[in-house]
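Beneath this line is the structure, given in structure tokens, with notes to follow.
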Amino acid sequence: MNIKFLHLTFAALLAFAIVGCGGSKNESTSQPANTAPASAKTVDAATVGSVTGTVNLDGAAPSARPINMSAEPYCAKAHSTPIVPPEVVTGDKGALANVVVFVKDGLSADYTFDTPKNAVTLDQKGCMYEPHVIALMTGQTISVKNDDQTTHNIHPTPKDNREWNQSQPPGASPIDQSFARAELAIPVKCNVHPWMKSYIFVFKHPYYAVTTKDGKFELKGLPPGTYTIEAWQEKYGPVDQTVTIGAKESKPVSFTFKANASGD
Amino acid sequence: MSLSLRHSFLDGAAASRSARRALPALNSRHAILAGRGSFFEMSNAQIQNPTAVHRFAILTSGATVLLLMAGALVTSNDAADSVPDWPLAYGKIIPPLVGGIRYEFAHRVVAAAVAVLTLILAIWLARAENRRMVRRLGWTALALVVVQALLGALRVRFGHPPVVATIHATVAQIFFITTIALAFYSSPFGRREIPPLEDSASPAMRPLALWTTLAIFVQLILGAGFRHGAFGILPHLLGAALVLFFVAWTGRVAKERFGKVPEIHRAMVLLHATFGTQILLGIAAYWAVAKAIQEVQPTVPYVILTVAHVLVGALVLASSVLLTLCCFRLIRPQAAVSVTSRAAGTAIR
């Protein structure tokens, strides 16, 4: 029995050592970048057009129960009025914010695009994410800031990219990360404050926009062609439209989500 | 579970003693029964401070119930990833106790306390207990608590694969019933010599109780899998129907044949009470889960009902384990009965 027990103890210690030396989830998500195809080509700036439009909500935005921040006194004190989840945010005349509009289909895979040098910022303010939805390109830096005087953890749970979970105490430096692969609607959570939720969209191309309270969007620099444009809203899901643009042409496209339907 | 495992772990001392007395000529069978029954053969052996050991085993079981509750609170409050490092928390021994960190940290603290209790219990049993299998069971509990800590570490450091979380929940139940078994075997009832009861009818009570325990255990795995997103609700619902069948069948057989045996009667009442409560809690928890899907954060009814469902599920398993252990302690195995009959026949000829 003693020998068996020694073996068991050794196995347990070995397992502890493996876990102790194992990779941390806090490591950078430095995965192999998307390689350009052999026949890579760039967009001809002289012929590009654009798609512009607005996103609206048909009907009244659903009423939401205010967030209960009593679990964290700092968060509760940070707001003088009750905060509702920013699931459906509307502006004047039903303009819908936090909608991601992007080219879903129709773009040649041969095009290559430079990764933007500027970082996209995801802020934690008043124990809420600002903005609620962000979009960026593969390899582009996402910089996560903590403006709160409380600890957060930032935990994206992607399916196609590497998951990471990193803590950020008050006053800590921004956390810089990136995503190697295109992926839609990556949920981001703070497990310390379970009401904190956000979404990250990662694209291989620069043809995307996130609407603000005016509901407007513009996809600039599109080469001539026929495209499927998708508008994604957290509660109502995706809606697609097909649009054909010629050289130097600008086409208007509008999306309307029904308040009491899926909008598909 | 195989027959050999069943015999080696749970066979009654009285059964092997009776078989030995009745079968002096059947050496091979006798040797098997005697060997496999050696654990119970020492049931009347003296151990140092038996009452204290028993109380300490009960304390460990009670602390494990708290640990199960703490773990369930972590899951229900979606706080499993609120502390991204292990073994430290935010690089400290005591992290900032805010939001979900409180649940995760409390879970770690209770787990550490249970690990210490288990270590003390294992060492105590190793020094004071003279039944080899009870000592081994103590070390098994310690090994399980180590494995469970490692699984928890994997869960923290390598994300939330539903499989790891489900295994973590499953090992928790195995550890819990191990502590229950230790409390049982260290009790006066688990130690004293008891004349065996006969059970020649079909189905035999001992395997029936064992199968009921296994069905409940599988059902808890299915529930953990649903809770952690490994699979849907359907397997858990089918499992509930299966458990209902086994609990009802076991109850009927126990009442018909051993209704007047107080230990079996009490264990059966406990199993029925916890299982009935669990069915009601299951319906309520499902309603709470369905309602909470649209919520931005875990609601109070969701947390209370799901935690209660997990906890009572563990108590159902514990009740069934107690019933099974009582049956194995009190009822002579049918194999021994048939061997006895054959030996008697040989002697007459």
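Numbers for the structure displayed
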| read-out | value |
| --- | --- |
| Overall dimensions of the range A:156-264 as given by Cα atoms, namely Rg and Dmax in Å | 17.1, 51 |
| Note, ³J(HN,Hα) from phi for the range B:107-115, Karplus 6.51, -1.76, 1.60, rounded to Hz, x at Gly and Pro | 4, 5, 5, 5, 4, 5, 4, 5, 4 |
| Cα gyration tensor category, rounded, prolate or oblate, for the range B:155-245 with a/c compared to 1.5 | oblate |
| Whole-number D in µm²/s for the range B:44-114 (Stokes-Einstein; Kirkwood sum over Cα pairs; 4 °C, 1.567 mPa s) | 95 µm²/s |
| Note, ³J(HN,Hα) from phi for the range B:268-277, Karplus 6.51, -1.76, 1.60, rounded to Hz, x at Gly and Pro | 5, 4, 4, 5, 5, 5, 5, 5, x, 4 |
| Radius ratio Rg over Rh of the range A:43-84, counting only Cα atoms, Kirkwood formula for Rh | 1.40 |
| Linear extension gain, A:T141 paired with A:T112, 0.36 nm per residue minus alpha-carbon span | 8.6 nm |
| Net charge over other residues, Cβ less than 11 angstrom from the Cβ of A:F201 (K, R count +1; D, E count -1) | -2 |
| Amide proton proximity set for A:K258, modelled H, under 5 Å, gap of 5+ | A:D58, A:G263 |
| Members of the range B:288-316 that become less accessible by 30 Å² or more once partner protein chains are added (1.4 angstrom probe, chain alone as reference) | B:E295, B:V296, B:Q297 |
| B:I93, B:I233, reordered so the largest accessible area comes first (probe 1.4 Å) | B:I93, B:I233 |
| Shielded residues, the range A:170-198 - accessible-area loss of 20 Å² or more between chain alone and all protein chains, probe 1.4 Å | A:K189, A:N191, A:V192, A:P194, A:W195, A:K197 |
| Rounded to the nearest 10 Å², the accessible area of A:T212 at probe 1.4 Å | 80 Å² |
| Once the Cα gyration tensor of the range B:192-349 is diagonalised, semi-axes √(5λ) in Å | 40, 15, 11 |
| Residues whose placed amide H lies under 5 Å from that of A:D123, excluding near-sequence neighbours | A:E130, A:K145 |
| With all protein chains modelled, accessible area of B:L322 [1.4 Å, Å²] | 50 Å² |
| Sites matching trypsin sites (Lys or Arg not before Pro) across the range A:96-174 that sit in DSSP coil, with at most 16 neighbouring C-beta atoms within 10 Å | A:K117, A:K159 |
| Estimated buried accessible area (total), pair A and B, 1.4 Å, Å² to nearest 100 | 2700 Å² |
| In sequence order, calculated HN-Hα J values of the range B:307-315 (Karplus, 6.51, -1.76, 1.60; Hz; x Gly/Pro) | 5, 4, 5, 5, 5, 5, x, 5, 5 |
| Potential lengthening between A:N260 and A:T81 on full extension [0.36 nm per residue; Cα-Cα distance subtracted] | 61.8 nm |
| Calculated FRET value between B:L234 and A:T47, using beta carbons and R₀ = 45 Å, to 0.05 | 0.25 |
| For A:T141, distant residues with modelled amide H under 5 Å away | A:V120 |
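The values are calculated or read from the model by the stated rules, or taken from the named source; none is laboratory data. Keep in mind that this is a model prediction, so the values were computed, not measured. Note that each Cβ is placed from the backbone with ideal geometry, even for glycine, and that neighbours are counted across all protein chains shown. For the accessible areas, the whole protein counts, side chains as well, though only heavy atoms, and no ligand, DNA or RNA atoms are used. Shrake-Rupley method; radii C 1.70, N 1.55, O 1.52, S 1.80 Å.
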